[in-house]
Amino acid sequence: MNKTASEILGNPNYLAMSYGGYRQNSRSIQPSLEELKEDMKILAAMGVKIIRTYNVQLDQAKNVLQAITELKKENENFEMYVMLGAWIDCKNAWTEHPVDHNQESEFNIDEINRAVALAKKHADIVKIIAVGNEAMVKWATSYYVQPDVILKWVNHLQELKKSGELSSDVWITSSDNFASWGGGDGEYHTEDLNKLIHAVDYISMHTYPMHDTHYHPVFWGLENDESKLTSIHKIDSLMLRSKNYATSQYERVKKYMESIGAQKPIHIGETGWASYSNELYGNEGSKATDEYKEALFYKLMREWTNSNNMSCFYFEAFDEPWKDANNPGGSENYFGLFTLNGEAKYALWNLVDKGNFKGLSRNGHAIKKTFDGNLEELLNQVQLPENYSEQLHY
């Protein structure tokens with residue numbers, strides 16, 4: 001049982017998920033091998049068979065691969081593959097020195113070499129290498145690089161495939177915001193980007209409608225003809241528009257790709273919806289975040305991508321408190337479909353009912369539903385946004 005990237009990506013029987021697995025307020029505390037194996041079993045019970053990691057600087061990715069290897073030895077039917085991320089930075093990123101977005105970090109070569117070594121060691125598991133994560137989008141001011149840097153390393157990995165050092169079945173990409181893949185302003189439409197699109201095996205595109213409920217709420221709000229709908233149906237309509245907003249970003253990337261004569265698969269490298277926020281997206285802000293809206297977005301994105309032969313590396317599997325450690329109520333801490341202690345959020349209640357997680361646990365807690373399965377209690381936390389009908393277009 002050893003699938004290739006082309007057999008996995010776009011296959012609805014191989015659901016994809018973004019995975020970190022950090023359980024503490026800091027990444028300095030790495031998840032243990034047993035914790036990683038615990039999570040892999042939970043994900044497998046969901047039908048997830050390919051996960052995405054983000055860097056190989058820390059031990060997490062290496063240990064994830066070891067955990068999967070051990071689970072495969074324990075059970076010959078266990079199947080899990082990895083999209084291995086190699087983090088890419090510009091010069092002086094995350095330092096006290098002025099960042100230089102026109103030069104790359106001297107540490108990038110070591111990151112690429114580590115990724116290659118892991119892909120070779122675990123050739124039965126690593127099926128994709130992603131060069132950078134949101135490394136080209138210009139709002140990533142702490143570390144973004146120009147497309148020529150990503151192109152350099154993508155070409156390097158493609159050459160390793162041609163020489164036989166890497167398996168020819170491994171697909172190479174970069175995982176970035178839709179704007180960076182040509183779906184944004186003209187400043188992104190460069191010759192180096194065009195070369196990159198032709199160089200990758202597929203485009204891994206990010207789309208986050210939730211963030212634009214605050215920053216660009218052109219789709220977020222009630223239209224006049226929806227005023228007579230029930231509250232639940234109003235929310236259903238909101239979330240359908242959110243999904244359509246994501247698909248419009250996909251279409252913009254696809255249109256740009258085709259305009260330069262490229263024909264590459266496009267898969268969703270990241271999308272998600274937080275279940276809580278005490279800030280911009282919460283009930284004091286755009287009123288976007290709760291478990292009901294999160295569940296609707298998850299369902300709609302899975303339906304869209306599965307029916308169109310696309311993979312969706314949904315962000316993310318489990319809540320991770322390190323994401324916004326200084327603000328425990330920050331939305332970044334609540335993108336998981338499971339809570340830190342393994343409570344399944346509303347999006348997964350049906351799988352709990354089906355018994356998918358029977359006998360599984362996280363942090364010593366058996367998998368159960370949030371709100372103890374009380375839907376009325378959950379819905380009491382759900383709010384509708386203000387009416388932005390005069391802005392509704394995209």
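The values are calculated or read from the model by the stated rules, or taken from the named source; none is laboratory data. Since this is a predicted model, take the numbers as computed values, not measurements. Positions of Cβ are backbone-derived with ideal geometry, glycine not excepted, and every protein chain shown enters the neighbour counts. The accessibility values were calculated without ligands, DNA or RNA, using every heavy atom of the protein model including side chains. Shrake-Rupley method; radii C 1.70, N 1.55, O 1.52, S 1.80 Å.
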The one condition Arg23 fails out of (1) assigned to a helix (DSSP H, G or I); (2) surrounded by 19 or more Cβ atoms within 10 Å (Cβ to Cβ) is (1)
Counting only residues that are under 10 Å from Leu196 (Cβ atoms) and either surrounded by fewer than 14 Cβ atoms within 10 Å (Cβ to Cβ) or over 22 Å from the mean Cα position of the chain (by Cα) (or both), the range 150-168 contains a total of 2
Counting only residues in the range 340-360 that are open to solvent by 40 Å² or more (accessible area, probe 1.4 Å) and closer than 17 Å to Glu34 by Cα, the one nearest to the chain's Cα centre (by Cα) is identified as Leu340
Condition set of a type in the set (Ser, Thr, Tyr) and open to solvent by less than 20 Å² (accessible area, probe 1.4 Å), scope the range 270-310, selection farthest from the chain's Cα centre (by Cα): answer is Ser286
Screening Ser163, Ser204, Ser142, Ser227 for residues that are within 30 Å of Glu386 (Cβ to Cβ), among the hydroxyl-bearing types (Ser, Thr, Tyr) and out of contact with any helix residue (DSSP H, G or I) (no Cβ under 8 Å at 6 or more places or on another chain) leaves only Ser227
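Okay, residues lined up against (1) of a type in the set (Gly, Ala, Ser); (2) farther than 29 Å from Asn309 by Cβ:
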site: Asn13; (1), (2): no, no
site: Gly20; (1), (2): yes, no
site: Tyr54; (1), (2): no, no
site: Lys73; (1), (2): no, yes
site: Phe78; (1), (2): no, no
site: Lys91; (1), (2): no, yes
site: His97; (1), (2): no, yes
site: Lys121; (1), (2): no, yes
Of Lys299, Lys358, Lys323, the only residue that is of a type outside the set (A, V, I, L, M, F, W, C) and more than 27 Å from Pro31 (Cα to Cα) is Lys299
Of those in the range 1-11 that are assigned to a loop (DSSP other than H, G, I, E, B) and surrounded by fewer than 16 Cβ atoms within 10 Å (Cβ to Cβ), the residue nearest to the chain's Cα centre (by Cα) is Thr4
Restricting attention to the range 105-121, does a residue exist that is of a type in the set (Ser, Thr, Tyr), surrounded by fewer than 18 Cβ atoms within 10 Å (Cβ to Cβ) and either assigned to a loop (DSSP other than H, G, I, E, B) or out of contact with any Leu (no Cβ under 7 Å at 6 or more places or on another chain) (or both)? no
When restricted to Thr53, Thr95, Thr69, the only residue out of contact with any Lys or Arg (no Cβ under 7 Å at 6 or more places or on another chain), open to solvent by less than 50 Å² (accessible area, probe 1.4 Å), under 30 Å from Lys138 (Cβ atoms) and among the polar types (S, T, N, Q) is Thr53
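For Arg302, are the conditions met, namely being among the basic types (Lys, Arg) and either under 21 Å from Val200 (Cβ atoms) or touching an Asp or Glu at 6+ places or on another chain (Cβ under 8 Å) (or both)? Show your work before the answer.
Working: among the basic types (Lys, Arg): yes; either under 21 Å from Val200 (Cβ atoms) or touching an Asp or Glu at 6+ places or on another chain (Cβ under 8 Å) (or both): no.
No; evaluated as a whole, the condition is false for this residue.
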(message) Given the criteria assigned to a helix (DSSP H, G or I), more than 23 Å from Leu196 (Cβ to Cβ) and of a type in the set (S, T, N, Q), does Ser277 qualify?
(response) no
Restricting the range 185-206 to residues that are open to solvent by less than 20 Å² (accessible area, probe 1.4 Å) and within 19 Å of the chain's Cα centre (by Cα), the one farthest from Ser259 (Cα to Cα) turns out to be His206
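Looking only at the range 29-63, count how many residues are assigned to a helix (DSSP H, G or I), more than 19 Å from Ser361 (Cβ to Cβ) and in contact (Cβ under 8 Å) with a residue 40 or more places away in the chain.
Going through the range 29-63 one residue at a time, the tally reaches 3.
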Selection status of His233, open to solvent by 10 Å² or more (accessible area, probe 1.4 Å), assigned to a helix (DSSP H, G or I) and in contact (Cβ under 8 Å) with a residue 40 or more places away in the chain
no
Taking the range 236-269 and the residues there that are crowded, with 22+ Cβ neighbours inside 10 Å and of a type in the set (Gly, Ala, Ser), the one that is nearest to the chain's Cα centre (by Cα) would be Gly269
Of the residues in the range 212-230, those that are modelled with pLDDT under 90, farther than 18 Å from Val382 by Cα and surrounded by 15 or more Cβ atoms within 10 Å (Cβ to Cβ) come to Glu223
Within the range 130-143, residues open to solvent by less than 10 Å² (accessible area, probe 1.4 Å), in contact with a Phe, Trp or Tyr (Cβ under 8 Å, 6 or more places away or on another chain) and either aromatic (Phe, Trp, Tyr) or not in a loop (DSSP other than H, G, I, E, B) (or both) come out as Val131, Gly132
